[in-house]
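I have placed the structure first, in the form of structure tokens, so that the comments after it can refer back to it.
Please treat every number below as a calculation from the coordinates, not as lab data. What you see is a predicted model; the values in this text were computed from it and never measured. Because the Cβ atoms are built from the backbone with ideal geometry, glycine has one as well, and the counts that use them run over all protein chains shown.
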Amino acid sequence: MRRVAAVKPLTTIVWVFVALVGAVALGMIAFVRGEPVNAVWLVAAAACCYALGYRFYSRFVALRVLELNDQRATPAERLEDGRDYVLTNKWVVFGHHFAAIAGPGPLVGPILAAQFGYLPGTLWIVAGGLLGGCVQDFVTLFCSIRRNGKSLGQMAKEEISETAGWTALLAVLFIMIILIAVIALVVVNALKSSPWGLSTISMIIPIAMLLGIYLRYFRAGRVREASVIGFLLVLGAVIGGRYVAESPTFAHYFTYGGLSLAWIIIIYGFLTSVLPVWLLLAPRDYLATFIKLGTILLLAVGILLAHPQMLLPPLTRFTDGSGPIFAGKVFPFCFITIACGAISGFHSLIASGTTPKLIRKESQARMIGYGGMMMESFVGVMAMVAATVLQPGVYFAINSPAGVVGATAEKAAATISGWGFPVTAQSMSDLASRVGEITLFNRTGGAPSLAVGMAHIFSGTLGMGRLEAIWYHFAIMFEALFILTVLDAGTRVGRFMLQELLGHFWKPLGRTRWYPGVLITSAIIVAAWGYFLIQGVVDPLGGINSLWPLFGISNQLLATIALCVATTILIKMGKKRYAWVTLAPLAWLVAVTMTASCQKIWHPDPRIGFLAQASGLSAQLAAGTIPVAKVAETQHLIFNLRLDAAVTTIFASLVLVILAESGRNWWLHAFGRKTPVLREAPMVLSRLTA
Amino acid sequence: MALLTFIQRIWRFLREVSGDNDYARYLASARENGTAVMTAEQFYLWQLRQKYSRINRCC
């Protein structure tokens, strides 16, 4: 066991001070009532917790639980080939890893969960992140490093059972479909009836293609210069979008309702997944990464400079489960609404992907795995701040679906004001004009309210109030851009996975270069997520109410799978006394996701339970109270609700299978009934310094 | 002078993170191992195929 150096008194004093500041800040955000709290307290509370968590908890996991060993050569050193296995500077690996894990999730989830007030979501982001998500990412990364960069599915197959491996693969495919559908819905709601927004995003397609041709034929691999050129062109598109929106001739071509926009995105998603990756997907990904990382940094600086007041209270009346954005109480729905900022199973796929093949020394896994997720968690905190700087009435007016608050601006304003959050139709109209939108009512999904919050923060800094509309559309562009990249990349990966699966039944379909196979499997994947997207768009309660919880449940069920694999490996390593490190977050996730699954399937409140809503609509159909023109639509809605219930059941069942397989293994290994066989790569001494 | 050095280090870091240095590193490794060498264009296309055939972007 490594000897720990003696702690210096000054170090102790510093860390006690950090703990005290953190405690005071937490007290401020948790207990102050009746007056707005400054966002700096929230940021300070989070920052102190992160500092303490990284310094003490991640160090404990690294030294005692995993016993990271820098004497042991990593696969990047042993198998170095300059292509797949590449010895890479730790900060570069950190940059790559963070860029890969930082998706739209930590930006959208906290915005939606803010309906409970800022406190439940913030506490979950910080605590869930430090004790759950960071641990999951770190341990998965370590396990994959010791196994030459094997994927989660492969590790599940080898360390638990063949059944667990196949189950994990199926779970990932299903989760991918729901993920793409829900983020597509976020984009639809961000761009519907928004000629400025849609024209900007449309311009990015030819810009990306131009960059693709530039990189392919003129300057192969020169990503930096292409990204800079692309960024300048994109800025031009954002600014130019105003003129399109104000033009009576052109605005018409870029103004679409939700359903039309959904079809546009479906067709677009199919085309980008079958076109050569160098032409559109890759250059757009470079642009999106460049802009995303810059914007996150800008948001952090903006919050520190503007130090805005948080106008949303720490707790709202909707902790009782009657929330307009999504129905359900804080437990379990706050914890599944915020997945990526706290714990996200998808990260385990990234942590067992390329990253383990780049790491130079095992000890660097702490900074990259634990630290990377910590940064993502901090992004979630910043998104929460952006939600809280809005007047509560404005926040609810943007995020509440018409089916809950009313279809007209006046009705919606009256409903929301009746809840105790004053807002008027006129003030919302003025705000929409200031940010260059037709309307901000019923713009669910979190993206528009995040954009308004970000515009407020950016324009409040350095006196840039005149640029509020530009900042708003820049924020919309930034979110839509990287959501669409995840959508395209996810469709493509889904197609590969489906081809791998179907190739077992008919070999030609498994050939990734056979174009008919590419077209067929891409069409299947796009049809699958497209179906759920359309369902979400036409849902009268707002698609977010049904799809986002489905996404959160499935993502955290994947985290359950990752933690099962991690726990199994820890027990096999002889570390059963430390298995609580992964078992505790696992137990919490099982409680949250199974409760959420049961409630979404069987809860008697039709706003929560899929089957209750379906039964209610069936009863109305039978009683003849549905207008004739709406009968077909209602029947479709009933079918979709039952399908959602079935999908939730399938997810939960897949995870119960893996839990059962894992539990059996833990019992056998922990009590000596089975000799543990660890499938680590052989130990080779490293010849490198750190 | 210190500022210039700092800017140079940031630029070199960006070069690594963006992948601009990947081909040079591949060339060095391929020559050391004596394996057949891809052109810059071939390497770029190969790299893209590898990157986008697996999950590389999170939600």
- Query: Between region A:109-168 and region A:491-519, what's the alpha-carbon centroid distance in Å?
  - Reply: 28
- Kindly give Rg over Rh for chain A, based on alpha-carbon atoms, with the Kirkwood expression for the hydrodynamic radius. 0.96
- Item | Cut-off under 5 Å, modelled amide H: who pairs with A:ARG72 long-range | A:SER686
- Message: Compute, for region B:2-51, the length of the dipole vector about the Cα centre, with Cβ point charges of +1 (Lys, Arg) and -1 (Asp, Glu) only. Units Debye, rounded to 20.
- Response: 100
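Using the number of other C-beta atoms within 10 angstrom as an exposure proxy, rank A:THR675, A:THR634, A:THR289 with the fewest first. Could the numbers behind the result be given before it?
Numbers: A:THR675 8, A:THR634 16, A:THR289 24.
Going from least to most buried by this count: A:THR675, A:THR634, A:THR289.
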- Message: What aspartates and glutamates does A:LYS292 reach when the alpha-carbon gap must be under 20 Å and sequence neighbours fewer than 8 apart in one chain are set aside?
- Response: A:GLU225, A:GLU376, A:GLU468, A:GLU479, A:ASP488, B:GLU16, B:ASP20
- Excluding same-chain residues fewer than 8 positions from A:LYS411, which lysines have a Cα within less than 24 Å of its Cα? A:LYS192, A:LYS630
- Task: Find the centroid of the Cα atoms in region A:218-259 and in region A:341-375, then give the distance between the two in whole Å.
- Result: 33
- Query: Angle, helix A:409-418 long axis vs. longest principal axis of chain A, Cα atoms, 0 to 90°, nearest 10?
  - Reply: 60
- Residues whose modelled amide H sits under 5 Å from the amide H of A:VAL37, counting only those 5 or more places away in sequence or on another chain, are A:MET310
- Item | J(HN,Hα) series, region A:331-341, from Karplus relation 6.51 cos²θ - 1.76 cosθ + 1.60, nearest Hz, glycine and proline x | 9, x, 6, 4, 7, 9, 5, 9, 9, 4, x
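Only counting other Cβ atoms within 10 Å, I'd like A:CYS598, A:CYS48, A:CYS334, A:CYS340 sorted with the fewest neighbours first.
With the sparsest Cβ surroundings first, the list reads A:CYS598, A:CYS48, A:CYS334, A:CYS340.
Could you pull out the pairs from A:LYS357/A:LYS575; A:LYS90/A:LYS674; A:LYS507/A:LYS674 whose alpha carbons sit more than 27 Å apart here?
Working: A:LYS357/A:LYS575 25 Å; A:LYS90/A:LYS674 38 Å; A:LYS507/A:LYS674 38 Å.
Those over the limit are A:LYS90/A:LYS674; A:LYS507/A:LYS674.
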- Message: When a/c reaches 1.5 or more, the comparison of a/b and b/c decides; with that in mind, is region A:395-501 rounded, prolate or oblate per its Cα gyration tensor?
- Response: oblate
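Size of the dipole of the protein assembly as shown about the Cα centre, Lys and Arg at +1 and Asp and Glu at -1 on the beta carbon, nothing else charged, in debye to 20?
It comes to approximately 2120 debye.
Quick check on chain A: helices-only [θ] at 222 nm, where DSSP H runs of length 4 and up contribute -39,500 (n - 2.57) each and the sum goes over total residues. Nearest 500, please.
Estimated from H runs of four or more residues: -22000 deg cm²/dmol.
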- Angle in degrees between helix A:372-388 and the longest Cα principal axis of chain A, rounded to the nearest 10: 20
- Once the principal axes of the Cα atoms of region B:2-51 are found, what is the range along each, listed largest first in whole angstroms? 42, 24, 14
- Please work out whether region A:584-653 counts as rounded, prolate or oblate from its C-alpha gyration tensor, where a ≥ b ≥ c are the square roots of the eigenvalues and a/c under 1.5 means rounded, while otherwise a/b larger than b/c means prolate and anything else oblate? prolate
- Using θ = phi - 60° and Karplus 6.51 cos²θ - 1.76 cosθ + 1.60, couplings along region A:111-118 (whole Hz; Gly, Pro as x): 4, 5, 5, 5, 5, 7, x, 7
- Most exposed first, judged by fewest Cβ atoms within 10 angstrom, A:PHE639, A:PHE441 run A:PHE639, A:PHE441
- Task: Quick one: which residues, 5+ away or cross-chain, put their amide H under 5 Å from the amide H of A:PHE441? H built at 1.01 Å from N.
- Result: none
- Item | For region A:282-294, 3J(HN,Hα) per residue [Karplus equation, 6.51 cos²θ - 1.76 cosθ + 1.60, θ = phi - 60°, Hz, x = Gly/Pro] | 5, x, 5, 5, 4, 4, 4, 5, 4, 6, 4, 5, x
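What shape does region A:67-121 have by the C-alpha gyration tensor, where a ≥ b ≥ c are the square roots of the eigenvalues, rounded means a/c under 1.5, and otherwise prolate means a/b greater than b/c and oblate the rest?
Prolate, since a/c reaches 1.5 and a/b exceeds b/c.
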- Task: Set the Förster radius R0 to 56 Å, insert the Cβ-Cβ distance between A:ALA623 and A:ALA127 as r into 1/(1 + (r/R0)^6), and round the FRET efficiency to 0.05.
- Result: 0.75
